[in-house]
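Everything on this sheet refers to the single structure shown next.
The values are calculated or read from the model by the stated rules, or taken from the named source; none is laboratory data. Here the structure is a predicted model, which is why all the values come from computation and not from measurement. Note that we place each Cβ from the backbone using ideal geometry, even for glycine, and neighbour counts take in every protein chain shown. Protein only, heavy atoms only, side chains kept; ligands, DNA and RNA dropped before computing areas. Shrake-Rupley method; radii C 1.70, N 1.55, O 1.52, S 1.80 Å.
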Amino acid sequence: MSNPLRRAGQPRTHGADGTRARQAAAPSDGSVVRISDMDVEFVAHGTVDEVHTAVRGFSLDIRSGELIVIVGRSGCGKTTILNVLAGLARSSAGEVLVHGLAPDRALEHMAYMFARDALLPWRTARGNIEFALELRRPGMTRSQRRARASDYLDALGIGSAAKLYPWQLSQGMRQRVALARTWAIDPDLLLMDEPFAALDAQTRAETQELFLDVWSREGDTARKTVIFVTHDLTEAVLLADRIVVMNAGAKVDEIAVDLPRPRDPEQVLEDQRFRDIHRRLSRVLQEGGPALGDRARPGRVPTV
């Protein structure tokens, strides 16, 4: 089987292994994700009109192949935005489109990677990836699934762990398996909710570098669109094309990261542009005030 990491600039083509080898068509303006004036509100348990506002007035357009990072304090609505895009929560107002479709009609184009690996304990590392392919790529044969799973484990440096169970792996290795599983199903849009937060500093840095390497190797025409949530400002600047800053459910800043790619972490940390962006992020977050937390108010009830 061919290397899963396509050479830079090589377009996706239909493959005999049954994977979706094309990117879904984006709207004519190039937006893969379009969020316009979105509110997300939840009714407090046991009430009919006590509403918790998780996100308010949020707008964002994301082009194909962009890597967008969302930062903000706990409770500011970052994960809620991912959940709406994944069809796990509904907006109360505004418009949300993925490839021009409502999120629940665009699920085949996306994958969601959580802060915890969520590996099946009764399946090996390779078996976890094969299971994802069984669900998302039913046209693949068993041998094709096995070969694809092995290729992605090799690409992330953990091929020797293919026959080990999750409880036999370190947390860093488990997250790499989860990343391999996510990449193997070949989504166009990748939602990532603090996927490296549980790792120690050294393992986190190594995994960030691996992630950037895999993402960058796909080339401009085939690169996945990524929405990445983190609390780590250094991680945000290292990864992002644009950084969205959230506070109290609202977007309070948006910063373009003009650092060239590919990015070497050691060089990035020494770049004055990195320092300037990091300083701006810190200032905005300090001046932004508290997150919504448990604040509730009477208001609009989301439709079901």
So what is the relative contact order for region 111-209, in percent, with contacts set as C-alpha pairs under 8 Å and at least six apart? 44 percent
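If 47, 207, 80 are ordered by their accessible area, calculated over protein heavy atoms with a 1.4 Å probe, which sequence runs from highest to lowest? Walk me through the numbers on the way to the answer.
Working: 47 45, 207 0, 80 25 Å².
Accessible-area ranking of 47, 207, 80, largest first: 47, 80, 207.
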At 1.4 Å probe size, put 134, 41, 209 in order of accessible surface, largest to smallest. 209, 134, 41
Heavy-atom accessible area with a 1.4 angstrom probe orders 116, 217, most exposed first, as 116, 217
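Classify region 48-196 as rounded, prolate or oblate from the Cα gyration tensor: take a ≥ b ≥ c as the square roots of its eigenvalues, call it rounded if a/c is under 1.5, otherwise prolate when a/b beats b/c and oblate if not.
prolate
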A correct Karplus calculation of ³J(HN,Hα) over region 126-133, with 6.51 cos²θ - 1.76 cosθ + 1.60, θ = phi - 60°, whole Hz and x for Gly and Pro, returns 5, x, 5, 5, 4, 5, 4, 5
Charges on Cβ only, +1 for Lys and Arg, -1 for Asp and Glu, centred on the Cα centroid of region 152-252; of 225, 190, 162, which one is farthest towards the dipole's positive end? 162
What per residue convex hull volume, in Å³, do the alpha-carbon atoms of region 114-194 yield? 86 Å³
Once the mean 1/r over all distinct Cα pairs of region 165-289 is inverted, what Kirkwood radius in angstroms do you read off? 15.8 Å
What's the magnitude of the charge dipole for region 73-136 around its Cα centre, counting Lys and Arg as +1 and Asp and Glu as -1 at the beta-carbon? Answer in Debye, nearest 20. 240 debye
For the residue pair residue 287 and residue 105, what label-to-label distance in nm results when each label sits 7 Å from Cα along the Cα-to-beta-carbon direction? 4.2 nm
With a Förster distance of 30 angstrom and the Cβ-Cβ distance between residue 165 and residue 242, calculated FRET efficiency to the nearest 0.05 equals 0.15
Can you tell me how much longer the chain between residue 213 and residue 122 gets when fully stretched, taken as 0.36 nm per residue apart minus their C-alpha distance, in nm with one decimal? 29.8 nm
Projected label distance in nm at residue 200 and residue 115, using a 7 Å step from Cα toward the beta-carbon: 2.1 nm
Dipole magnitude of region 47-177 about its Cα centre (Cβ charges: Lys, Arg +1; Asp, Glu -1), debye to nearest 20: 600 debye
Roughly how many nanometres apart are two label points built 7 Å out from the Cα toward the Cβ at residue 267 and residue 147? 3.6 nm
Multiply the residue separation of residue 276 and residue 258 by 0.36 nm, subtract the distance between their alpha-carbon atoms, and state the gained length in nm to one decimal. 5.4 nm
To make sure I understand the rule: partners must be lysines, Cα under 28 Å from the Cα of residue 78, and not fewer than 8 residues away in the same chain. Which ones qualify? 224, 251
Answer in debye to the nearest 20: the dipole magnitude of region 181-264 about its Cα centre, from +1 Lys/Arg and -1 Asp/Glu charges placed on Cβ, is 140 debye
